[in-house]
1. Taking the Cβ of each residue in B:380, B:25 as the centre, tally the other Cβ atoms inside 10 Å and list the residues starting with the fewest.
2. Per the Kirkwood definition applied to all pairs of different Cα atoms, how many angstroms is the hydrodynamic radius of chain A?
3. Per residue of B:71-77, what is the mean number of Cβ atoms on other protein chains within 10 angstrom of that residue's Cβ?
4. Based on the Cα gyration tensor of the range A:57-209, what are the three equivalent ellipsoid semi-axes, each the root of five times an eigenvalue, rounded to whole Å and given largest first?
5. Can you put A:60, B:59, B:54 in order of Cβ neighbours within 10 angstrom, beginning with the fewest?
6. Which of B:246, B:339, B:306 moves most in a GNM of chain B, Cα contacts under 10 Å?
7. With viscosity set to 0.692 mPa s and temperature to 37 °C, compute the Stokes-Einstein D of the range B:230-326, Rh being the Kirkwood radius across alpha carbon pairs; µm²/s, no decimals.
8. To the nearest whole number, what is the average tally of beta carbon atoms from other chains within 10 Å of the beta carbons of peptide A:71-83?
């Protein structure tokens, strides 16, 4: 289903399937949907799906703002529908290997995550909905930040968040002379660009666990997609786009030494893995077996916390002050 | 309709205990309010009833069913929250009926229920409006109607009036009381506003730092607070507290002495530190204390600051010469200050020297170390007014 006739026609021809102009017509024929509309329209399509008992894989972020995200999460809880949010990076083999190492205790207690999702010049489709606050709810922070925040919290096993301090900047998107090599989507120039193109934040969680966050569509810095997970026994380092996991440890056995173990992992398509997990879970629930076992697909409440953190970074930026998470 | 039972509920997070061993029984059809300061555990306690939070220890029963591990939608509860969560793309009818259509009711049944609920919250004729065409109060009524159509066993309301303006909040308070009378459904209501707690509830549960302080009818919490926390939290302005010592002749402190037989407080002994509590309305000018049958000895004070409220005047009294106006202390707890409320026609002005008495029947004594109430009445022939029994939560 797409409201744009041309997109409908292309999709129908490419996949040889029926296409719909009205989502309610589609909902009468399916058990599950994947919603990939602009952020602001997630709520309407998701909530209507829940009401028909349809399972939803919802593209991240949960919504364009916290209030809408909260209504989606509540509606999902009130119905029997499964709502999984598209945090596909969790499904990267690298991340799953690291999660396994963390769970085995190899890294000890995880204390800090450095989460970087920094493009040097990579604003998507200037002039498109991505760069309009009213539709997207924000810029680089809501687009890339949700991935980085989710992944950091996921590796910390979703602790209680206590405090957020951050800043969202808008420096490059509204420039007439915006230099870039490639752009995802078309460049319609700076007009209408009213969102952030980079953000920095520090997130404090329970028991002294912390996250430092750097995200950018555009900033004067080499691009960086490195995650560093520090634990009491060892650290892990990986590149979100390239894979490549390294475990850094230290020992006194024999003679004091530092050890850097490089782990090669088969690269996988995270979107495919995510969709498979979604369908597997629907099938498990339909067959009566408990479908909640897969921690990669537990996500609507977690997505709401991510949205809360993102919202808090924007508020912290506006207020130029730290934002506390209270009762 | 159903009774709700919390059986030794504890909720621990990594680093904090939000709810600490809370037990209570809420009767079928009762309106119980959880009240306490921010962070006291009231919302978390309610979330364990709703199913939004799973307790670390303890069990939750609704009716005769244990629901501790059930999903929210399987518990027979309906929730109304502070932020009015109406779907902006649906009109009032669709908002109210959300969830009903999924439950396989036919269209006629859905329409009947929605109209009935709209009628109860006085939204007739507005069913085709969109949320952004309505006022805050109307939107909150839609949220309440959405809860009503579920026909729940228990309503759970978490600060539902907090975002409304003051006038509307007072109006909605009476609306909710009327709703409770009509529906006779069990209601658990969370607020930090003690005025809401006092006016609407059958009983209030006062929480602090995750523990239940007192569960009793509003006036009992006001007149016979179980401990210092409840005494200070319930009532506005707050009760006056004076710290002193039990002697062979009664209570003695730097500025306030009250004679009584120490046998009135048998659980403490001479030399123990006690806190005397007296509400502002129970401090009287000698000149107008005719109605007080058993006053204490006179105290001499200076009227320091007057706060005219219209229907009454708050008078901050200084009890001693060496004025200690330390701004770091709450006025009501500063050792030489006493807050008195008087009628607006009282002859008093700032700087005036006055003599006041306390109404002995309204004096509260607390053991300072534990905070527990020892006694709520110091008249000579009283039967105790309360005594240790007042600390029992289940009345």
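Rule-based calculations on the coordinates, nothing more; no lab input. Predicted, not measured: the structure shown is a model, and the values here were computed from it. All Cβ positions, even for glycine, are placed from backbone atoms using ideal geometry, and neighbour counts span all protein chains on display.
1. Result, fewest neighbours first: B:380, B:25.
2. After inverting the mean inverse Cα-Cα distance, the result is 21.0 Å.
3. 2
4. So the three semi-axes of the range A:57-209 are 30, 20, 15 Å.
5. Least to most surrounded, the residues fall as B:54, B:59, A:60.
6. Sorting by GNM fluctuation, first place goes to B:306.
7. This corresponds to a translational diffusion coefficient of 215 µm²/s.
8. If you average over the peptide's residues, the count of other-chain Cβ atoms is 4.
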